[in-house]
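Everything on this sheet refers to the single structure shown next.
The values are calculated or read from the model by the stated rules, or taken from the named source; none is laboratory data. These numbers were taken from a predicted model, which means no experiment stands behind them. Note: ideal-geometry Cβ built from the backbone for every residue, glycine included; neighbour counts use all protein chains shown.
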Amino acid sequence: MLNIRQASFDLEATWSAIASMRTAELHAPGYSLAGRGEGLDVQAAHLHELRNGTRRAVDISAEATGQALAAVTGRLEALREARFEAKPEPTRCSACEYAKICTHCPVGAVEG
């Protein structure tokens, strides 16, 4: 049996800084909440940006984990209700494989 009293984890990312921040702000608190639910005393979370080698701490406070849980709960409810709302913005659309054919994609968000 594994006996861990304190835990820290790292997220690694290779995509854009904006996408990395969004991912970290949702995933890190979620993973922290899950670890705490399993009895771990999660003390820290970090985001490693693999392209430039930077490492930064991610907020995993009670407030951050509560906000992440609310965001995920809202997304799951929307999926259950088959609500798929377009949320176009240049940083999001530039990473989307459907951007070139999407009628919601902002002009100039995608090259070519």
Kindly establish whether A71 is part of a loop (DSSP other than H, G, I, E, B) and aliphatic (A, V, I, L, M).
-> no
Segment 64-86: number of residues that are exposed (fewer than 12 other Cβ atoms within 10 Å of the Cβ) and either more than 16 Å from the chain's Cα centre (by Cα) or not assigned by TED's automatic domain parsing to the domain that holds Y31 (or both) = 9
